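Heads up, the thing below is written out as structure tokens.
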Amino acid sequence: MKSFLNASDIGDLHKALDEALEVKANPFKWQHLGRNKTIILVFFNNSLRTRLSSQKAALNLGMNPIVLNVNGDSWNLETQMGVVMDGGKSEHLREAIPVIGSYCDIIGVRSFAGLTDREADYNENILRQFIDYSGVPVISLESATVHPCQAFADLITIEEHKTKARPKVVMTWAPHPKALPQAVPNSFAQWMNAADVDFVITQPEGYEVDPAFAGNARIEYDQMRALEGADFVYAKNWSCPGVSCPEKYGRILSRDMSWTVDAAHMAVTDNAFFMHCLPVRRNMIVSDEVIDSPTSLVIPEAANRVVSAQVVMKRMLEELA
Ligand code: AN0
Ligand code: CP
């Protein structure tokens, strides 16, 4: 695996899930793989889970993690080609990336969507430069359009908790005060389409997920109808993906608080589990009552971030060995 962005990069999902459960049961079994190997985790944006779970996964594999906070510790990096660098940015990615690559065996990158230039975001401009210029395997730790470590952890969590062979999984938009990227819903949709689940997306008009990720998901604009009989409710806010209205890309189109997942929403499900990738805004995305209920999976879901990251790093290390 030269890079980890998409569900297809991990290959057969049944195999990946079996491996995830094996890694979870025996986290230290592959310590030899990471001996004298280094992973550099580059953060252009904030993180709690990704930052900690990626380091933990690396340590479980015997690998040395180094974290670089681009906007705090390093020089401010220019990401556009062809610009006269007479502003506040001291170094270009074009040099920084091969330098970082020369110090390590794997790179992980967090670089959120800018949400102003759809084409630049959907071309994964920053992550692509890491893939092209680093000379080492690259993991997206949420880049402009995907968050594969999250979606893989979500799939592991569903696999662990499902009580039906083919559960109904509903991804619902929910309100948020800030414009957020589409990476989490894009990846979740992509992974659910690849998995053996009955997948439904519900969102207000204008929030349609890019068809490259939504695939064959059933789309239902009536949230309550979508939630009927659900086994898993996956809540998330995202900004306008610009599919039906390109000029509104990255904007907030709705603040409708009736979409906040509360007990009345959960009541129409089949006693569904509640999921969210975190960080979550309580009583915006989900009511206290639902997130604090016994069917909330947000903590085990976050814990599985170590497992998903470890499977990806393990596979990359096996190929390096
Ligand atoms: C980010 C997002 O929605 O993409 C990170 C989620 C893992 N969330 C926020 O910025 C609140
Ligand atoms: N879910 C997730 O990626 O969380 P962080 O932004 O805290 O890493």
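For the chain, go through all pairs of different Cα atoms, get the mean of 1/r, take its inverse, and jot down that Kirkwood value in Å. Evaluated over the chain, this radius sits at 20.1 Å.
When the chain is treated as a GNM with alpha-carbon contacts under 10 Å, the residue of 58, 267, 153 showing the greatest mean-square fluctuation is 267.
Distance from the C-alpha centroid of the range 286-316 to that of the range 105-149: 22 Å, rounded to the whole angstrom. The longest stretch of the chain left intact once loop-based trypsin sites (Lys or Arg not before Pro) with at most 14 other Cβ atoms within 10 Å are removed from consideration, loops following DSSP, is 36-163.
Give the order of 173, 191 when sorted by the count of other beta carbons within 10 angstrom, beginning with the fewest.
173, 191
In this label model, residue 160 and residue 89 are separated by 4.0 nm, measuring between points 7 Å along each Cα→Cβ vector. Kirkwood-based Rg over Rh for the range 150-301 (C-alpha set), two decimals? Ratio value, two decimals: 0.92. Considering only 85, 257, 63, the mean-square fluctuation computed in a Gaussian network model of the chain, springs between alpha carbons under 10 angstrom, is largest for 85. What pairs in 24/236; 56/164; 37/314 have C-alpha atoms more than 20 Å from each other? Distance filter (> 20 Å) returns 24/236; 56/164. Counting Lys and Arg as +1 and Asp and Glu as -1 over every other residue whose Cβ lies under 12 Å from the Cβ of residue 189, the net charge comes to -1. Computed over the alpha-carbon atoms, the range 17-129 gives an Rg to Rh ratio of 1.04, Rh here being the Kirkwood radius from the mean inverse distance. Within straight-line reach of residue 178, meaning a Cα separation under 19 Å, sit the following aspartates and glutamates at least 8 residues removed in sequence or on another chain: 117, 121, 142, 205, 208, 247, 256.
I want the local charge near residue 175. Using Cβ-Cβ distances under 15 Å, sum +1 for each Lys or Arg and -1 for each Asp or Glu among the other residues. Net charge around residue 175: +3.
FYI, it's all coordinate maths here, none of it is from the lab. Computed from a prediction, not measured in an experiment: that's the story for all the values here. We place every Cβ from the backbone using ideal geometry, glycine too, and count neighbours over all the protein chains shown.
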